[in-house]
Structure formats: structure tokens, C-alpha cells
1. Would you mind getting the accessible area per residue of the chain, heavy atoms of the protein chains only, 1.4 Å probe, in Å²?
2. Report the residues of segment 224-238 in range of a label on Arg366: point 7 Å along Cα→C-beta, backbone N strictly under 18 Å from it.
3. Order Thr181, Thr167, most accessible first, counting only protein heavy atoms with a 1.4 angstrom probe.
4. Under the 0.36 nm per residue contour assumption, what length would be gained going from the current alpha-carbon distance of Ala205 and Gln94 to full extension?
5. With runs of 4+ DSSP H residues as the only contributors, calculate the mean residue ellipticity of the chain at 222 nm using -39,500 (n - 2.57) per run, divided by the residue total and rounded to the nearest 500.
6. Give the carbon-plus-sulfur fraction of the accessible surface of segment 104-246 in %, rounded to a whole number; probe 1.4 Å, heavy atoms of protein chains only.
7. What FRET efficiency would be calculated for the residue pair Val45, Ser132, taking the C-beta separation as r and a Förster radius of 41 Å, to the nearest 0.05?
8. With a Förster radius of 25 Å, plug the Cβ-Cβ distance of Asp177 and Val82 into 1/(1 + (r/R0)^6) and report the FRET value to the nearest 0.05.
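The values are calculated or read from the model by the stated rules, or taken from the named source; none is laboratory data. Note that the structure is a prediction, hence the values are computed from the model and not measured. Cβ atoms come from the backbone with ideal geometry, glycine included; neighbour counts cover every protein chain shown. For accessibility, only protein heavy atoms count, side chains too; no ligands or nucleic acids. Shrake-Rupley method; radii C 1.70, N 1.55, O 1.52, S 1.80 Å.
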Amino acid sequence: MSSLLQTPLHALHLELGAKMVPFAGYDMPVQYPAGVMAEHKHTRVAAGLFDVSHMGQVRLVGADAAAALETLVPVDIVDLGVFKQRYALFTNEQGGLLDDLMVCKRPDDLFVVVNAGCKSQDIAHMQKHIGSRCQVIPVPERALLALQGPQAVDVLSRLNPEVAKLTFMTGGFFELDGIATFLTRSGYTGEDGFEISVHEDDAVALARKLLAHAEVKPIGLGARDSLRLEAGLCLYGHDIDETTTPVEASITWAIQKVRRAGGARAGGYPGAAVIDEQLAHGAARKRVGLVGKERMPVREGAKIVTANDVEIGVVTSGTLGPTVNQPVALAYIGTPYAAVGTEVFAIVRDKRTPMTVSPTPFTPNRYYRG
């Protein structure tokens with residue numbers, strides 16, 4: 001265990017009775033004594049506090065930073081307003097996804113958050129390709145907390161009433177009861193919520209201030225996964241990876257018109273020709289949601305077949321959704337079978353379990369858009 005990295009909140013997790021597991025090179029809490037199911041349900045009705053300090057935080061500094069970053073992502077960064085945040089994708093020459101990330105434009109930099117398992121390669125990728133055009137400055141001294149759920153705004157408003165003015169995918173610098181933070185109204189649960197960047201020296205104090213409110217409970221990686229799956233959100237390395245394109249992954253909403261063929265700043269990023277071709281003509285397979293008709297949970301790796309036992313796809317994430325109270329999954333299946341309402345079967349322990357192609361999210365998103 002000694003080789004695992006620790007977040008600034010590690011000792012607090014132990015104090016709170018967390019069960020710790022290795023994750024992306026870190027010793028992380030998978031659940032607390034209440035258990036995954038209780039943590040999941042609590043986040044949907046109140047407010048859950050997540051330690052996501054293992055993720056990578058990076059500043060891109062310089063007048064050319066936005067245009068430089070556009071050479072690596074198929075996303076509109078140049079036109080992003082100050083304190084506006086956007087979901088973005090690093091692509092490779094085949095149009096596959098190296099990682100997904102969040103980018104927020106601030107007055108003096110672009111604030112970038114990347115996945116924990118990819119952060120070393122993402123930082124190297126940016127330094128190699130755009131380091132001559134802007135400064136690429138990792139900020140490992142910053143911890144990251146996520147407060148998610150319908151009562152998150154009530155709790156944070158007690159520490160600073162101004163945060164309530166933010167809408168989904170906007171951010172700002174705020175003092176929370178005297179602690180300096182940068183926070184965005186965003187998250188990974190489908191609920192309203194906030195992601196809070198704070199100096200590592202203040203992380204425990206801020207976490208304790210938040211946990212002191214009756215609405216807030218600590219939430220581990222187990223519930224984080226079931227919450228994001230019900231919200232229909234991709235997990236890098238499972239639902240998206242270097243072999244999946246944005247079109248196959250059904251995340252083309254992340255590619256703004258200005259960056260598509262015919263747009264003012266079309267192309268110019270790795271894999272643009274592949275992605276433009278698929279945007280125009282479609283892809284052979286597509287990521288879809290699946291809902292099970294029986295209680296049998298369907299896990300990652302399960303094969304998807306037709307009624308005639310023709311193999312048409314594979315599950316990339318699956319669970320028994322605690323909110324929807326039925327098996328839900330994300331899967332890649334052949335495009336001819338991807339229409340909502342299509343009946344398919346998952347192979348679980350050599351038995352067929354019936355599933356239906358379903359729209360996502362499986363439970364309605366409740367982002368605050370003002």
C-alpha cells in the first residue's frame with residue numbers, strides 16, 4: 001500500500017471510517033460505513049461530499065492559450081466567455097479519445113481539469129504540443145472537492161451567499177467562510193452541485209466545514225460510479241477510450257458548429273478528418289443506454305446479442321440503478337440496433353437477459369440553469 005499516493009484528505013477518510021481501495025494510483029475511499037446504496041440515495045436527495053483531489057488540475061497561461069488548446073480538442077475554446085466552463089476531448093489521429101476534460105476560462109488563464117489516470121500523459125501531451133505557445137502549469141498543490149445534490153447550494157450559500165448566483169457550467173473565485181477557493185457549478189452525478197478547487201493546506205478545514213452541515217455526508221467512489229451511470233455520463237477507460245470516437249460515443253453535442261466542417265474554425269485538431277466523416281455519414285457502432293427487464297444486473301464486458309443470438313455489441317458500464325430501481329447499462333452496439341426501444345439481450349452467466357435500448361440519462365438531470 002505504501003506505493004499508493006494519498007490526497008490531502010486521506011487521514012480524514014480514515015477518521016470517517018472509509019473503506020479504502022487503490023484507484024488511479026491513489027488510496028481512495030470506495031465507501032463509508034453507511035454503504036454505497038445509502039450514499040447514492042443521500043446524494044440524490046440532500047448533499048454528498050466527494051474527494052476528487054486525485055484528478056489533475058492545470059493552468060494554461062498566455063494570450064494564445066485558447067487558440068493553442070483548440071489544436072488538441074474539437075471544441076470551441078476561443079469563444080468561451082470569462083468564468084464559463086466547457087466539456088472537452090483530447091483526440092488522437094484516428095479520432096479516438098485520449099481523455100475527456102473540463103476547461104474554464106478565467107481572467108488570467110484557462111483552468112483545466114483532467115482525469116486522474118490520464119493526468120501525467122495529458123500534461124505531457126499539452127507541454128509537447130502547445131508548450132511553445134502558452135505556459136502549461138500543473139497545480140498539484142490544489143485539492144478538489146465536489147459537493148453534489150439538491151441541497152448543495154443551500155449549504156454553500158451559508159458559507160458565501162454569492163455562490164447561489166452561479167448557473168450550470170459557470171464558475172468564480174469565492175471565499176467560503178474565509179477559505180479561498182475557485183469553484184464551478186458542475187459535477188458528475190446529474191444533480192445540481194459544485195466542484196471546488198482549494199489549496200491542499202485548506203482542504204481538510206473546508207471539508208470539515210461542509211461536513212458540519214446536517215445535509216452533507218461523505219460519499220465514496222462506489223456511489224460516484226452508480227450516480228454518474230444513472231446520469232448517463234461516460235467514465236474514461238470504460239465507456240470512452242483511444243478506440244472510441246466522439247460520434248461512436250454519442251457525445252457529438254460537445255463539438256460546437258464553429259469547429260465542424262464548414263465552421264469558421266473547423267478542424268485543425270488530431271483526427272478531424274475521421275470525426276468530420278463520421279459526423280456527416282455516421283459510425284458503424286454507437287454508445288447507447290440499456291435498461292433491463294429483469295432484476296439481473298448486467299456488468300461491464302457482457303456481450304449483447306439479438307433474439308437470433310447474433311453478437312452486436314458489448315456493455316461498458318452496468319449496475320442496478322439505486323434511483324431507478326432497475327438494471328441500467330451503457331453499451332456499444334451496431335448502429336442498426338441503436339434505435340431507442342430496440343429489444344436486445346445481454347449474456348450474463350451464459351444466460352440471456354432481456355434489455356431495451358433506452359435514452360439517457362436514466363434519471364432526469366437536475367442541473368441549475370437559472
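1. Numbers: 15290 Å² over 370 residues.
Normalised by residue count, the accessible surface of the chain is 41 Å².
2. The answer is 224-233.
3. Values: Thr181 5, Thr167 40 Å².
Sorted by accessible area, descending: Thr167, Thr181.
4. Value of the extension gain: 35.4 nm.
5. Numbers: 8 runs with 73 residues, N = 370.
Rounded to the nearest 500, the figure is -5500 deg cm²/dmol.
6. Numbers: 2600 of 5190 Å².
Here it works out to 50 percent.
7. Details: r = 49 Å, r/R0 = 1.21.
So, using R0 = 41 Å, E works out to roughly 0.25.
8. Working: r = 25 Å, r/R0 = 1.02.
Calculated transfer efficiency: 0.50.
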